[in-house]
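Participant: Once you've had a glance at the structure underneath, I'll fire off some questions.
The values are calculated or read from the model by the stated rules, or taken from the named source; none is laboratory data. Owing to the predicted nature of the structure, the values given are computational and were not obtained by experimental measurement. Reconstructed Cβ throughout: ideal geometry from the backbone, glycine too, with neighbour counts over all protein chains shown.
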Amino acid sequence: MPRMKNDDRDAPDAPRPDAPPPTGDMSAEEFRRHGHALIDWISDYFTNIEARPVLAQVKPRELIESLPTAAPAAGEPMDDILADVDKLIAPALTHWNHPSFFAYFATSTSAPGIFGELLSAAFDVKSLLWRTAPAAAELEEVALSWLRQMLGLPDEFAGVIYDTASVSSLHAIAAAREHLALDIREQGLSGRPDLPLLRVYASEQAHSSIDKAVIALGLGQRSLRKIPADADFRMDADALARAVEEDKRDGLLPFCVVATVGTTSTTSIDPVAAIADVCERRKLWLHVDAAYAGSAGIVPELRPLVLDACERADSLTLNPHKWLFTPFDLSVLYCRRIEVLHRAFSLVPEYLRTPAAETEGVRNGADYGVQLGRRFRSLKLWMILRYFGHDGLAARIREHCRLARLFASWVEADPRWELLAPVPLSVVCFRAVPPLNAAGETGDARAAGEPDDARAARLDALNERLMHAANSTGALFISHTRLHGKFTLRLAVGNIRTTEEHVRRAWQLLNDTLHTTL
Ligand SMILES: *Cc1c(COP(=O)(O)O)cnc(C)c1O
């Protein structure tokens with residue numbers, strides 16, 4: 001609608017009874033009415049989510065073009081705003097809570113988590129000092145202590161909540177750097193001829209957040225040495241030992257190793273015990289990036305697989321927002337030397353000083369990271385841990401792993417498909433390998449004399465087409481990676497609503513799509 005001229009404003013229509021008041025917030029009565037309606041809307045959203053396409057079927061800029069170019073001068077009724085959420089916003093979403101979302105790492109929220117977020121928005125505290133949000137400071141300690149015990153990690157591991165694993169790992173590497181006692185906090189890294197190149201090590205399968213951390217910390221990407229992985233995508237600990245030795249010989253300063261428990265491509269698990277041996281021998285900080293797989297550590301029979309030797313780490317991160325049904329965002333960093341993190345980041349201006357007695361035995365959140373104010377994230381985690389309980393959460397993760405193994409067994413049993421990586425947890429890496437002669441179901445491409453490179457190119461193109469065709473049906477969403485040069489489909493189970501029926505339908509759809517894509 002074109003903007004009204006000033007003189008038109010002198011004679012406005014009578015304000016609608018549900019328009020915002022001239023000053024102050026929405027009335028309590030209106031808040032209650034819209035709040036109830038909104039919870040009803042969310043409840044219907046979850047009930048009917050499978051009627052929506054998983055992957056948003058909008059074009060780039062479609063939403064932008066459907067909305068006004070400037071904010072309204074006069075406030076609008078909440079009903080109109082919520083109607084637009086329904087009509088314009090929801091269709092422009094990719095529905096992460098759809099039970100057939102199998103892409104990347106399938107993650108999902110949960111009812112207690114949503115309630116926690118709602119309350120956190122209502123309280124709107126900024127947890128910087130203990131006194132600015134005592135409940136946030138103390139509940140963080142309680143929830144992270146509960147989670148630490150569920151994971152079977154040692155008591156010395158103190159936890160801090162950040163937004164994402166990228167930020168958790170950045171703080172871990174910052175702590176490792178502080179631990180060097182090279183006065184980098186004060187002197188920085190630039191213009192210092194007294195410092196050699198500092199080295200961080202991670203496997204070639206490590207997450208890109210480690211690259212970003214060394215960029216942000218001023219170490220530079222050349223300080224990150226990528227260690228080769230074995231055939232099953234796990235860091236080669238002997239190659240790590242050799243690299244550290246070589247760097248030392250060359251006058252570099254190794255200081256930190258990042259082991260990945262559950263890599264992003266295949267969920268492979270680095271040999272933490274062997275890596276910890278190298279770290280202990282060479283006095284290197286061991287950080288474990290268990291963003292996805294760490295949550296599986298609460299399942300008794302999976303714990304030895306995922307958290308073996310992790311008690312020897314200096315720090316470890318995991319994301320409850322990935323596989324513990326916690327609404328984004330909430331990442332946890334456990335640190336054996338929390339005082340080093342404090343030393344790296346504590347900086348208290350006069351206007352934030354409080355009597356020492358007030359912070360005895362409690363924490364000021366701002367002292368443990370880059371941020372001053374922090375959201376009350378622990379509330380949702382505490383509510384989730386209480387609502388589902390340790391056993392309930394473990395049962396859900398266990399079921400996801402069962403569903404992934406089931407899917408993998410169908411892939412293995414069918415000669416038109418193959419697995420491309422082991423399936424230790426809930427992600428399956430696979431691809432279609434149909435015969436060259438599509439009509440002859442039993443035909444063998446190799447027997448037909450197809451050269452290896454022609455076959456490789458054919459299968460890459462076919463699997464990419466297959467993925468796009470399956471995703472464009474809206475019935476599921478899978479993603480891909482590249483393993484040993486091969487275009488690889490990834491099916492990740494992790495959504496709280498995913499059942500065996502959804503996994504079966506995914507398999508059926510992929511087979512139907514393969515038939516039509518050939
Ligand atoms: C997902 C993931 C990350 C990044 O997580 P964010 O919380 O989005 O920063 C880091 N490392 C690994 C291994 C991951 O799987």
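Participant: Going through Thr317, Thr354 one at a time, which residue ends up being on the phi < 0 side of the Ramachandran plot, of a type in the set (Ser, Thr, Tyr) and at pLDDT below 95?
Facilitator: Working: Thr317 fails: at pLDDT below 95.
Just a single option satisfies the conditions, and that option is Thr354.
Participant: Next up: Does Arg242 fit the bill of being more than 16 Å from the ligand (Cβ to nearest atom) and either closer than 17 Å to Arg222 by Cα or in contact (Cβ under 8 Å) with a residue 12 or more places away in the chain (or both)?
Facilitator: Working: more than 16 Å from the ligand (Cβ to nearest atom): yes; either closer than 17 Å to Arg222 by Cα or in contact (Cβ under 8 Å) with a residue 12 or more places away in the chain (or both): no.
Against the criterion (more than 16 Å from the ligand (Cβ to nearest atom) and either closer than 17 Å to Arg222 by Cα or in contact (Cβ under 8 Å) with a residue 12 or more places away in the chain (or both)), Arg242 does not qualify.
To keep it simple, each residue is scored yes or no on (1) in contact with a helix residue (DSSP H, G or I) (Cβ under 9 Å, 6 or more places away or on another chain); (2) assigned by TED's automatic domain parsing to the domain that holds Ala313; (3) surrounded by 18 or more Cβ atoms within 10 Å (Cβ to Cβ).
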site: Arg131; (1), (2), (3): yes, yes, no
site: Ala135; (1), (2), (3): yes, yes, no
site: Ser145; (1), (2), (3): no, yes, no
site: Phe157; (1), (2), (3): yes, yes, yes
site: Tyr162; (1), (2), (3): yes, yes, yes
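Participant: Hey, another quick one. How many residues does region 394-427 contain that are of a type in the set (A, V, I, L, M), touching a helix residue (DSSP H, G or I) at 6+ places or on another chain (Cβ under 6 Å) and part of a helix (DSSP H, G or I)? Step through it out loud before you land on a result.
Facilitator: Kept after step one, since they are of a type in the set (A, V, I, L, M), are these residues of region 394-427: 394-395, 397, 403-404, 406, 408, 411, 413, 419-421, 423, 425, 427.
Subset that is touching a helix residue (DSSP H, G or I) at 6+ places or on another chain (Cβ under 6 Å): 394, 397, 403, 419, 423, 425.
If we keep only those that are part of a helix (DSSP H, G or I) as well, we get 394, 397, 403.
Going through region 394-427 one residue at a time, the tally reaches 3.
Participant: Another question about this same structure. May I ask you to verify whether Ser268 is of a type in the set (S, T, N, Q) and away from the ligand (no atom under 11 Å from the Cβ)?
Facilitator: Here the answer is no, as Ser268 does not meet what is asked.
Participant: Please enumerate the residues belonging to region 313-328 that are in contact with an Asp or Glu (Cβ under 8 Å, 6 or more places away or on another chain), near the ligand (Cβ under 9 Å from one of its atoms) and not polar (S, T, N, Q).
Facilitator: His321
Participant: Which one of the conditions (1) hydroxyl-bearing (Ser, Thr, Tyr); (2) more than 16 Å from the ligand (Cβ to nearest atom); (3) within 26 Å of Val272 (Cα to Cα) does Ser331 fail to meet, given that it meets all the rest?
Facilitator: Here Ser331 clears every test but (2).
Participant: If I ask for residues that are assigned to a helix (DSSP H, G or I) and crowded, with 22+ Cβ neighbours inside 10 Å, which ones from region 175-201 would you list?
Facilitator: Of the residues in region 175-201, the ones assigned to a helix (DSSP H, G or I) are 175-179, 184-187.
Ala175, Ala176, Arg177, listed by residue number.
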